[in-house]
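Each reported figure results from applying straightforward, stated rules to the coordinates on display, with no laboratory input. Only a predicted model underlies this, so the values are computations on that prediction, with no experimental measurement involved. All Cβ positions, glycine included, derive from the backbone under ideal geometry; neighbour counts span all protein chains shown.
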Amino acid sequence: MRLQFVLTEVLQGLRRNLSMVVSVVLVTFVSLTFVGAAALLQTQVTKLKGDWYDLVEVSVFLCPDGSTAPTCADGEATEDQIAGLKKVIDTELSDVVAATYFESKADAFEAFTELYPDGYQGTQLTEDDMQASFRLKLVDPEQYQVVDDVLEGRAGVEVVEDQREVFEPLFLALGRASLLAAGLAGVMLLAAVLLITTTIRLSAVSRRRETGIMRLVGASNLFVQLPFMLEGAIAALVGALLAVGGLWLAVQYLVTDWLQDSVDWVAYVDVGDVLFVAPLLIGIAVLLAVVSSVVTLNRYTRV
Amino acid sequence: MIRFENVSKVYARGARPALDDVSVDVARGEFVFLVGASGSGKSTFLRLVLREERPTGGTVYVAGRDLSRLSSWKVPSLRRSIGVVFQDFRLLPGKTVYENVAFALQVIGKPRHTIRTTVPEVLEMVGLDGKEKRLPHELSGGEQQRVAIARAFVNRPQILLADEPTGNLDPTTSLGIMRLLDRINRTGTTVVMATHDDEIVNEMRKRVVELSTGSVVRDEVDAVYGERESILPQVGQTPVLDAPGRGERAVQRVQVSPEPADLEAERAAEAAAARAAAQEAAHETEQGIVQESVQETGQGQGPVAPEAPAAPPPAPRRSVPEPAGASADEVVQQVLREHERVRAGREA
């Protein structure tokens, strides 16, 4: 009985300010699409990091002949220095480093000739032009700084390089894009809150007679306010569902069907990730609606 | 039932208080008229009872509850024990008569089967049997007020507040409304009615509480409206309005003949009351109970069981004259005659 009555009221309210309800739906749809896009970009970044960081290593380049670095004043790194560094890596960095691989000048030359059999830019290089290095595979690629702190500046070490730096520009771009999306989402969410507030207020004012009588005959606060809350929540919920649908289509057609086919060596977000984001969007929508209706209704339909 | 203890109400800081140290005690089942000029505090009194306002000073007790200590989430439960009727009816224009009355039950979460039985009952009682499907704008003023009363009474409140319920109605229709309120009062419901209608007050001879600029200046049982000129000074000699240039008060009132629909409603309500009473009487005779129970039957009028002694009302009070056993048509004629008589008396 109560439920049916409340639902009838809700339907009537939705019908009465249809245009406002549609605008609420659209604004929440757009704003939550931005929120979802930001979340998906973040997911994409995490995925790429997970994939690529497994491949990257920290290279500890040892002093070659004739280096100008202050730690290389003694000339090319000696066997003792190399053994000493190996020991430091095995003891002090045992928690951070998962695997150590020593690449001698010969190994480096071999790899080089494999990559450039005809010499590099017309210059034939010899084994002595190569540089010996330690390749460290880290347990957590983010812990580059620890390795750098320990090894940088030791005798025989010319430079410590983090291969992650190669990806930084891409990640930076993706991060900024998701920040932009989040910023736009914030503005749109603000608009959504204001619009929902206005819609509920309009609805409450247009039904002032009903609510006045409800208060007089002793309807509880919740009973008076519930239809309005539900109205806002339903509109916001529809917007959220549209946003989820939009993101689903975008990921399905733009990423899975198109990007995946043309650039297939990258792990992309998929519709599974959209489903993961969906509860977040719906939660935000309901929260928006509830907060704005509670604020409005306390002013307009208080007992 | 309603007790005001030194109640004051000031709306704006520094303004004249709307109520100033008012103490009134209304017992269960009483019928009280609240009279006084506009701005004398009648409406404030009613709003305080409903806890739409809170007093600035003093304490208000309603149905055993101290309203100053009543938390706001208990206000709905207080209001469920109070019915309210207004001058402007306040019906929902888009809903039919039945829906308007049912609305009051729906919004307090009454189950559907209760609504299906209670609403027709109360509509029959107010004399709107068969008009359930009408919309408010298809009804006369008197009928609309009956719907409003039905809505206020459908949940059987302990208290019925009426804020100038006859203010928009012609005298005859008003009389019909008053008979209805009187019948409701006889079911044990406490009725407090704010009014300007001296005819009605004089006719009913109930307790009268007169307010003037926020204070109680008179509280009499079995009383009359009093000096119209002193209560409503603005209705006194007004040369411009009444008799330009002569300064003489015109006593001639506009003659109105009531709407046929109102008379019909009144007839139906009488008939319903009579039926209920007859049923009750028959029932009691069956059980051998020789007692007219004004409080319980709710319809202690009309024909009673032959052996039932006329039960003395709780207080020596006169209700609107109603000939026992009269047919509905006779009753209406009676009302009209009574009305004429009163008017003649006033004009004399």
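Brief remarks follow.
- Here the protein assembly as shown was treated as a single set of alpha-carbon atoms; its pair distances binned every 10 Å from 0 give 3, 12, 16, 15, 11, 8, 7, 6, 6, 6, 5, 4, 2, 0 percent.
- Cβ-defined net charge surrounding A:TRP248, 15 Å radius [Lys, Arg +1; Asp, Glu -1]: -3
- Structural descriptor for region B:83-155: relative contact order 52 percent, calculated from alpha carbon pairs under 8 angstrom and at least 6 residues apart.
- Where N is the number of residues in region A:1-94, Cα Rg divided by 2.2 N^0.38 Å: 2.61
- Amide H within-cut-off set for B:GLY58, under 5 Å, with H built and near neighbours excluded: B:SER8
- Cα radius of gyration and Dmax for chain A (Å): 31.1, 98
- Relative contact order (percent, whole number), chain A, Cα cutoff 8 Å, 6+ residue spacing: 33 percent
- In Hz, Karplus ³J(HN,Hα) per residue of region A:94-108 (6.51, -1.76, 1.60; θ = phi - 60°; x = Gly, Pro): 4, 6, 8, 8, 8, 8, 10, 9, 9, 10, 7, 4, 5, 4, 4
- Mean projection of the Cα convex hull over all viewing directions, computed for region A:57-165: 7.1 nm².
- For B:ARG151, neighbours were defined as the other residues whose beta-carbon sits under 15 Å from its Cβ, and their charges (Lys and Arg +1, Asp and Glu -1) total +3.
- P(r) tail for region B:56-143: Cα pairs beyond 16 Å make up 64% of the total.
- Per residue of chain A, the DSSP helices (runs of n ≥ 4 H) give a summed -39500 (n - 2.57) that works out to -22000 deg cm²/dmol at 222 nm.
- Per-residue ³J(HN,Hα) for region A:239-255, Karplus 6.51 cos²θ - 1.76 cosθ + 1.60, θ = phi - 60°, Hz, x for Gly and Pro: x, 5, 5, 4, 4, 4, x, x, 5, 4, 4, 4, 5, 5, 8, 7, 8
- Residue exposure sequence - B:ARG156, A:ARG207 - by fewest surrounding Cβ within 10 Å: B:ARG156, A:ARG207
- Calculated FRET efficiency for the pair B:TYR61/B:ARG13, C-beta based, R₀ 35 Å, to 0.05: 0.85
- Cα gyration tensor category, rounded, prolate or oblate, for region B:116-193 with a/c compared to 1.5: oblate
- Three-way shape call for region A:1-52 based on the alpha-carbon gyration tensor, with the a/c threshold at 1.5: oblate
- When A:CYS72, A:CYS63 are sorted by how many other C-beta atoms sit within 10 angstrom of their C-beta, beginning with the fewest, the order is A:CYS72, A:CYS63.
- The alpha carbon convex hull volume per residue for region A:164-285 rounds to 122 Å³.
- Neighbouring Cβ atoms from other chains, within 10 Å of the Cβ of residues in B:99-107, number 5 on average.
- Less than 5 angstrom separates the built amide H of B:GLN87 from those of B:ASP163, all sequence-distant by 5 or more or on a different chain.
- The H on the amide N of B:ARG207, modeled in the peptide plane, is under 5 Å from the matching H of B:PHE31, B:PHE33, B:ASP222, B:ALA223, each at least 5 residues off or on a different chain.
- Residue-by-residue Karplus 3J(HN,Hα) for region B:114-126, coefficients 6.51, -1.76, 1.60, Hz, glycine and proline x: 4, 4, 5, 8, 6, 4, x, 4, 6, 5, 5, 5, 7
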